[in-house]
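**Q** Okay, handing you the structure first.
All of the numbers you see were taken from the coordinates with simple rules; none came from a lab. None of the values given here were measured: they were computed from a predicted structure. Cβ atoms come from the backbone with ideal geometry, glycine included; neighbour counts cover every protein chain shown.
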Amino acid sequence: MTFKIIVPLLFLLTVPVEPQRRSTVGKFNEVFAWKQLTYDINGIMVLQDRFAGDDLAGGDREKRATDRVYFNYNNEEDKNWGDRPIWNDSPTESPSASTVDPNDEIGRFFIQYNNVPMGAEKVGNRLFVTIPRRRYGIPATLNYIDLSRPSGRSPPLTPYPDMQSSRSIISVYRTRADECGRLWMVDTGTIEIPNNPRYLQTPAIVVYDLETDRQILRYTLKSSDLPANNTPTGLASITVIIKNGDCSDAYAYIADVVSYGVIVFSLKAGDSWRHSHNYFHFNPTAGNLRVAGQSFIWNDGVFSVAVGPAEADGCRMLYFHPMVSSQEFTVSSCALERRETNQTAFQVTGDRGTNSQSTMHGLHGPSKVLFFAEVGRDAVSCWHVDRPLAPGNMALLAQDRQRLSYPSDLHVIDDEVWVMANTLPRFIYSRLDPNQYNFFIYRAKVSDLIEGTVCAGPYDAASFYPGSYYKNA
Ligand SMILES: *[C@@H]1O[C@H](CO)[C@@H](O)[C@H](O)[C@H]1NC(C)=O
């Protein structure tokens with residue numbers, strides 16, 4: 001009697017998935033985490049540094065199609081960028097950071113270490129991840145991860161919409177999708193090599209149709225929108241409002257952290273204009289930061305614009321803050337829709353307290369809770385907008401010196417809050433440890449986050465807590 005043993009071949013071919021422990025921070029669950037980024041380009045895994053990407057194009061090699069991005073030496077005039085005064089009280093941490101001259105890396109297709117993600121936004125089954133070009137060796141500034149496919153803890157990024165088309169965009173900080181199936185961003189047109197920025201193109205608003213994955217708008221900003229040589233390096237975020245459900249009547253608000261303004265774009269008018277106001281400036285007493293083991297002084301102004309619920313007149317309250325500040329301000333969207341700045345339309349909303357410097361913030365409409373990505377405290381916090389804005393009316397929802405170091409993006413998507421943290425100051429002033437997890441994306445349900453905290457509604461005036469510390473659950 002003979003036995004036939006059939007070995008299931010497919011089983012043997014299955015790549016064993018290394019058991020991975022995903023972390024939680026507060027009520028946030030880790031979605032992905034990376035030590036260093038990798039790419040999946042046309043099905044080819046790009047896992048380590050490579051000089052050229054020619055062999056990724058498939059078939060005919062268009063010789064160095066990236067030349068326009070990498071080898072244009074025109075327009076280099078501003079030598080003032082990057083001279084923010086800094087001090088580093090742990091210089092021994094950075095043995096090699098100072099030995100690499102970023103200018104020597106020009107023309108390189110992929111330098112893994114230089115790829116630091118900044119923005120993360122989930123739209124449907126895709127998670128868009130942006131990597132502004134602050135060094136050479138970044139294959140694509142706009143990428144995505146297909147969430148409908150199983151992946152490990154550190155999935156590779158795929159250029160969006162594809163490698164070839166992604167080359168038309170030079171550098172993007174963060175994206176925002178609107179409710180009309182479009183993805184908005186600002187292409188700063190700049191490669192921000194420290195002390196040697198390359199201004200390759202005038203900054204432009206770029207919009208993709210997420211149905212067809214085609215670029216449907218490239219609007220070049222006007223010179224009057226860009227008052228300083230280095231303004232392109234400050235176009236950190238874009239916020240989009242659709243008026244009265246009419247997709248052709250959209251307004252985009254671009255925060256300019258470097259020259260302290262907000263640029264407004266009207267899709268219907270095909271025009272843009274700029275507002276200046278003292279409230280867009282940084283607060284000098286809030287500039288000393290200590291993040292990721294680095295101490296430094298920054299002077300970033302208005303960083304993000306969050307949108308309040310629609311009011312009867314169709315106007316919306318816009319919440320904004322300079323990054324170097326603990327204050328929050330408001331202005332009506334209708335005031336910014338006008339080309340002349342109405343100086344008295346701006347209001348001081350309140351103060352969030354010491355070390356509450358924040359990059360991005362976003363409002364969850366149904367609960368009227370505003371969520372803040374706090375770089376000063378490695379944290380995410382919240383505030384119910386019907387309460388007076390004071391530290392005692394805020395709750396610290398998650399805090400972690402390592403795994404929430406420099407939360408660089410925060411976005412409320414449906415009933416979830418998505419956060420990216422990227423340990424940026426260590427990259428700028430010291431050296432990331434490529435053997436550790438440096439980049440994180442988290443998600444949490446709004447209801448889980450605010451339950452039992454001062455941010456949970458309904459608003460009750462008696463519960464106003466005037467103290468100077470955050471009250472947690
Ligand atoms: C400017 O804003 C203030 C405060 O909202 C308002 O009362 C005033 O009418 C506005 N001025 C103009 C010219 O719109």
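**Q** Report, in cubic angstrom per residue, the convex hull volume of the C-alpha atoms of segment 26-463.
**A** Hull volume normalised by residue count: 139 Å³.
**Q** Okay, next question. At 7 Å along the Cα-to-beta-carbon direction for both C247 and A345, put a label point, then send me their distance in nm to one decimal.
**A** In this crude spin-label approximation the distance works out to 2.8 nm.
**Q** Per the Kirkwood formula on distinct C-alpha pairs, the Rh of segment 253-301 is how many angstrom?
**A** 12.6 Å
**Q** How long is segment 321-415 along each principal axis, judged by its Cα atoms, biggest number first, in Å?
**A** Result for segment 321-415: principal-axis Cα extents of 44, 29, 24 Å.
**Q** Would you mind classifying segment 222-371 by shape? Square roots of the alpha carbon gyration tensor eigenvalues, ordered a ≥ b ≥ c; an a/c under 1.5 is rounded, otherwise it is prolate if a/b is larger than b/c and oblate if not.
**A** Since a/c reaches 1.5 but b/c is at least a/b, the shape of segment 222-371 is classed as oblate.
**Q** Cβ neighbours within 10 Å, averaged per peptide: list 440-452, 308-320 in order, most packed at the top.
**A** Those peptides, ordered most packed to least, come out 440-452, 308-320.
**Q** Structure shown: which of K27/K243; K268/K368; K122/K222; K35/K122; K222/K268; K268/K445 lie over 27 Å apart, alpha-carbon to alpha-carbon?
**A** The answer is K27/K243; K268/K368; K122/K222; K268/K445.
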